[in-house]
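Accompanying notes for the structure given below.
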Amino acid sequence: MTRIDKNTSGAGSAVTVRGLVKHYGETKALDGVDLDVREGTVMGVLGPNGAGKTTLVRILSTLLAPDSGQATVVGYDVVRQPRQLRRVIGLTGQYASVDEKLPGWENLYLIGRLLDLSRKDARTRADELLERFSLTEAAKRPASTYSGGMRRRLDLAASMIGRPQVLFLDEPTTGLDPRTRNEVWTEVKSMVGEGVTVLLTTQYMEEAEQLASELTVVDRGKVIANGGIEELKAKVGGRTLRVRPVDPLQVRPLARMIDELGVTGLAGTTVDTAGGALLVPILSDEQLTAVVGAVIARGVTVSAISTELPSLDEVFLSLTGHRAGTSQDTETTETREEVAV
Ligand SMILES: Nc1ncnc2c1ncn2[C@@H]1O[C@H](COP(=O)(O)OP(=O)(O)OP(=O)(O)O)[C@@H](O)[C@H]1O
Ligand SMILES: [Mg+2]
């Protein structure tokens with residue numbers, strides 16, 4: 001397992017998971033998962049279909065008992081203190097949990113009442129949240145008439161009724177179009193702004209990048225990497241140096257010159273003809289310094305010079321040997337362990 005940022009446990013941990021195991025017959029849905037979510041941060045749990053994400057969220061929200069291991073949320077044990085734990089969490093499941101026959105307002109009001117709010121408080125809270133999630137106009141219509149994005153927003157509103165300290169979001173935007181996905185991201189960001197700790201599962205690299213500060217990559221019930229998103233990306237894939245000379249005719253000669261420099265461990269330079277730039281895979285600061293130094297020494301005027309981190313897609317591929325969301329059975333366990341950094 002890749003361990004990058006060591007500063008994630010100890011005081012201030014809102015969610016702590018140790019050695020969590022859940023098997024369904026032969027299927028190891030969770031196979032010894034460790035995880036820490038620091039208070040006030042967003043942890044992204046990234047993994048393909050069947051990785052164990054929903055199983056983890058269900059255990060953390062007390063809907064499912066683990067076979068072994070420990071998990072606490074705000075200090076409450078998932079097995080021994082489920083009632084207290086439920087009072088401090090909110091959950092938006094992978095599939096809509098609202099009652100479709102009921103109007104949005106009614107859904108929220110009923111949840112408020114179930115959470116022991118007085119009639120008056122439940123009413124006020126429902127109104128507030130409908131306003132907040134831009135659903136006031138649709139408040140009296142049955143949820144069955146809502147668009148996918150409206151339902152998801154109603155789900156999010158429902159999970160906020162009890163003013164949770166910790167919010168679990170299981171694939172909050174799967175199946176939504178890009179515009180609606182952006183709306184949901186905006187709402188999640190605003191909840192985080194209010195100090196809510198979030199654990200969200202996703203299959204979308206972009207979603208993790210947008211929302212999470214830390215990432216846990218899971219595959220077949222195991223954590224295969226975790227740490228800060230930037231560190232993870234930098235660690236796994238290295239960087240790419242992109243140099244764009246003002247004169248596009250300089251791209252090829254520059255690329256040739258870099259290849260002929262003989263910098264230790266430097267892989268071949270590629271040319272982005274359309275972008276008028278050359279791309280150099282960089283594995284160390286020394287390589288970066290040598291290449292940039294040579295470009296400058298040559299006296300070529302450049303209009304842009306930047307380093308780019310690999311995408312999370314590339315990170316996943318290098319960690320697991322398969323792309324997120326594709327067949328999981330092409331690699332042996334042995335190969336995968338060798339791949340881990
Ligand atoms: N009730 C169950 N009975 C048997 N197997 C189950 C059950 N629930 C989950 N599994 C299996 O456990 C594994 C993990 O499932 P889980 O739903 O946690 O994955 P996931 O990461 O949420 O996937 P997805 O992205 O598709 O939602 C899968 O192989 C799944 O088939
Ligand atoms: Mg799931």
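For region 30-40, name all the residues that are surrounded by fewer than 20 Cβ atoms within 10 Å (Cβ to Cβ) and not charged (D, E, K, R).
Once the filter is applied, which keeps residues that are surrounded by fewer than 20 Cβ atoms within 10 Å (Cβ to Cβ) and not charged (D, E, K, R), region 30-40 yields 32, 40.
I need the helices (runs of 4 or more DSSP H) fully contained in region 182-265, keeping only those with at least 3 residues that are in contact (Cβ under 8 Å) with a residue 40 or more places away in the chain and either at positive phi or in contact with a strand residue (DSSP E or B) (Cβ under 9 Å, 6 or more places away or on another chain) (or both).
Where helices (runs of 4 or more DSSP H) fall fully within region 182-265 and carry at least 3 residues being in contact (Cβ under 8 Å) with a residue 40 or more places away in the chain and either at positive phi or in contact with a strand residue (DSSP E or B) (Cβ under 9 Å, 6 or more places away or on another chain) (or both), they are 205-211, 229-237.
With respect to the numbered conditions (1) assigned to a loop (DSSP other than H, G, I, E, B); (2) away from ligand 1 (no atom under 16 Å from the Cβ), which one is the sole condition not fulfilled by residue 176?
(2) is the only condition that residue 176 fails.
Go through (1) over 29 Å from residue 12 (Cβ atoms); (2) within 16 Å of ligand 1 (Cβ to nearest atom); (3) surrounded by fewer than 19 Cβ atoms within 10 Å (Cβ to Cβ) one by one and return the number of the condition residue 152 breaks.
Against the list (1) over 29 Å from residue 12 (Cβ atoms); (2) within 16 Å of ligand 1 (Cβ to nearest atom); (3) surrounded by fewer than 19 Cβ atoms within 10 Å (Cβ to Cβ), residue 152 comes up short only on (3).
Working only within region 217-261, note down all residues that are β-branched (Val, Ile, Thr) and under 29 Å from residue 32 (Cα atoms). First the steps, then the outcome.
Initially, region 217-261 is screened for residues β-branched (Val, Ile, Thr), giving 217-218, 223-224, 229, 236, 240, 243, 246, 251, 258.
Answer for region 217-261, where residues must be β-branched (Val, Ile, Thr) and under 29 Å from residue 32 (Cα atoms): 217, 218, 223, 224, 229, 236.
Just checking, how many residues over region 171-201 are hydroxyl-bearing (Ser, Thr, Tyr) and either farther than 20 Å from residue 56 by Cβ or in contact with a Ser or Thr (Cβ under 6 Å, 6 or more places away or on another chain) (or both)?
Qualifying residue count for the region: 3.
Here's the yes/no breakdown for (1) more than 12 Å from ligand 1 (Cβ to nearest atom); (2) in contact with a Gly (Cβ under 6 Å, 6 or more places away or on another chain); (3) free of Cβ contacts under 8 Å to residues at least 60 places away in the same chain; (4) within 21 Å of residue 319 (Cα to Cα):
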{"residue": "14", "(1), (2), (3), (4)": "yes, no, no, no"}
{"residue": "24", "(1), (2), (3), (4)": "no, no, yes, no"}
{"residue": "37", "(1), (2), (3), (4)": "yes, no, no, no"}
{"residue": "40", "(1), (2), (3), (4)": "yes, yes, no, no"}
{"residue": "47", "(1), (2), (3), (4)": "no, no, no, yes"}
{"residue": "51", "(1), (2), (3), (4)": "no, no, no, yes"}
{"residue": "56", "(1), (2), (3), (4)": "no, no, no, yes"}
{"residue": "62", "(1), (2), (3), (4)": "yes, no, yes, no"}
{"residue": "66", "(1), (2), (3), (4)": "yes, no, yes, no"}
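Within region 49-61, work out how many residues are buried (at least 20 other Cβ atoms within 10 Å of the Cβ), in a loop (DSSP other than H, G, I, E, B) and not aliphatic (A, V, I, L, M).
2
For region 237-244, state whether one or more residues are charged (D, E, K, R) and farther than 18 Å from residue 296 by Cβ.
Among the residues of region 237-244, at least one is charged (D, E, K, R) and farther than 18 Å from residue 296 by Cβ, which makes the answer yes.
Only one of 216, 240, 201, 197 is hydroxyl-bearing (Ser, Thr, Tyr) and in contact with a helix residue (DSSP H, G or I) (Cβ under 7 Å, 6 or more places away or on another chain); which?
201
For region 62-99, name all the residues that are away from ligand 2 (no atom under 13 Å from the Cβ), at negative phi, in a loop (DSSP other than H, G, I, E, B) and buried (at least 18 other Cβ atoms within 10 Å of the Cβ).
Result: 66, 78, 98.
Is one or more of the residues making up region 135-142 part of a helix (DSSP H, G or I), away from ligand 2 (no atom under 16 Å from the Cβ), under 28 Å from the mean Cα position of the chain (by Cα) and under 27 Å from residue 193 (Cα atoms)? Even if it seems obvious, please write down each step before you answer.
Residues of region 135-142 that are part of a helix (DSSP H, G or I), as a first pass: 136-138.
Retained after the next criterion (residues that are away from ligand 2 (no atom under 16 Å from the Cβ)): 136-138.
Those left that are additionally under 28 Å from the mean Cα position of the chain (by Cα): none.
Scanning region 135-142, I find no residue that is part of a helix (DSSP H, G or I), away from ligand 2 (no atom under 16 Å from the Cβ), under 28 Å from the mean Cα position of the chain (by Cα) and under 27 Å from residue 193 (Cα atoms), so the answer is no.
Quick note: the coordinates plus some simple rules give every number you see, no bench work behind them. Not measured: the values here are computed from a predicted model. Every residue, glycine among them, receives a Cβ derived from its backbone with ideal geometry; neighbour counts consider all protein chains shown.
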